[in-house]
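Encoded as structure tokens, the structure appears first; notes follow it.
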Amino acid sequence: MAATSLVLPKVQLTKLYRNAVTLRVCRRFSNGGDNGWFRSLFVHKVDARKDTHSNLLSKKETSNLYKMQFHNVKPECLEAYNDLEAEVQSKLHVDQDFPCEVVGSWNTWYGDQDQTVHLWRYRGGYPALTECLNKLNNNKVTVYQEFRRERSKMLLSRSNQLLLEFSFWNEPTPRAGPNIYEMRTYKLKPGTMIEWGNHWARAIRHRQENDEAVGGFFSQIGDLYVVHHLWAYKDLQSREETRNAAWQKEGWDSSVYYTVPLIQSMQSRIMIPTQSSPLQ
């Protein structure tokens with residue numbers, strides 16, 4: 001019986017030949033021939049980092065820790081809530097035994113409605129936070145305990161974050177009003193905080209001429225890889241003019257170009273200071 005010959009189309013022969021060559025190359029390098037070159041095609045080499053991004057980006061000389069609180073208030077309770085918060089905040093400010101201070105308190109104007117935002121500073125970092133919490137939890141004075149009970153009746157939900165401040169931003173200090181405040185919140189891709197900080201260390205100089213830069217923070221506990229930039233403006237028209245003017249400065253466009261790919265999501269809140277807020 002005659003043998004049947006198998007004739008493959010030219011395209012299939014070419015594909016088989018390429019696969020055979022690739023297989024021989026793979027075997028060669030897997031057996032030790034120039035192993036580093038072959039592996040470099042598949043392994044992305046990253047230089048080892050010598051420190052955490054919190055140590056590389058935060059202010060060493062102050063060791064301040066910040067807490068950002070978000071309280072979603074029942075609409076009918078917002079006025080009573082503001083009065084209650086002002087009373088308790090003033091007591092904590094006067095009492096020197098508590099190593100904390102409120103930096104600013106706001107009601108959201110545009111963004112999440114009936115939401116209040118509080119920014120606290122703990123001078124001395126985590127030890128100061130622990131000391132303050134222990135004293136509040138052990139405080140048998142009825143004022144604070146009653147405050148927490150009353151506040152719980154007014155809230156729909158609440159959340160918080162612990163933050164550090166970027167070394168290249170201003171430290172938030174009390175300012176006279178009236179002002180509106182914008183908090184721009186960026187959720188970054190994991191692993192991009194150092195790159196974000198490097199770009200914004202150069203970009204921030206384009207936004208400081210009109211004294212609108214209030215503070216810049218990044219999260220340590222809570223939602224991670226979150227950045228908050230806090231700005232102050234006289235009104236919404238001033239905000240528009242200030243932001244447009246930044247685009248006329250050389251270098252601002254490249255800062256935006258290189259930081260946008262680092263962002264997963266972003267949010268803008270326009271906020272009004274409460275009467276008790278040091279940032280007015």
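General remarks:
- Checking the range 59-68 against the condition returns no match, with no residue being crowded, with 18+ Cβ neighbours inside 10 Å, modelled with pLDDT under 60 and either hydroxyl-bearing (Ser, Thr, Tyr) or assigned to a helix (DSSP H, G or I) (or both).
- Evaluation of TYR181 against (1) surrounded by fewer than 18 Cβ atoms within 10 Å (Cβ to Cβ); (2) of a type in the set (Phe, Trp, Tyr); (3) modelled with pLDDT of 95 or more (one fails), failing number: (1)
- Any chance GLU171 is farther than 25 Å from VAL102 by Cα and surrounded by fewer than 16 Cβ atoms within 10 Å (Cβ to Cβ): no
- Matching option when the condition is of a type in the set (A, V, I, L, M, F, W, C) and in a helix (DSSP H, G or I), among VAL260, VAL227: VAL260
- Counted residues, the range 90-147 - those being among the basic types (Lys, Arg), exposed (fewer than 15 other Cβ atoms within 10 Å of the Cβ) and either closer than 22 Å to PRO278 by Cα or in contact (Cβ under 8 Å) with a residue 60 or more places away in the chain (or both): 2
- For ARG151, the stated conditions do not hold, so it cannot be described as without any contact (Cβ under 8 Å) to a residue 12 or more places away in the chain, of a type outside the set (S, T, N, Q) and on the phi < 0 side of the Ramachandran plot.
The values are calculated or read from the model by the stated rules, or taken from the named source; none is laboratory data. For clarity, every value in this text was computed on a predicted model and none was experimentally measured. With ideal geometry, Cβ positions are generated from the backbone for all residues, glycine too; neighbour counts draw on all protein chains shown.
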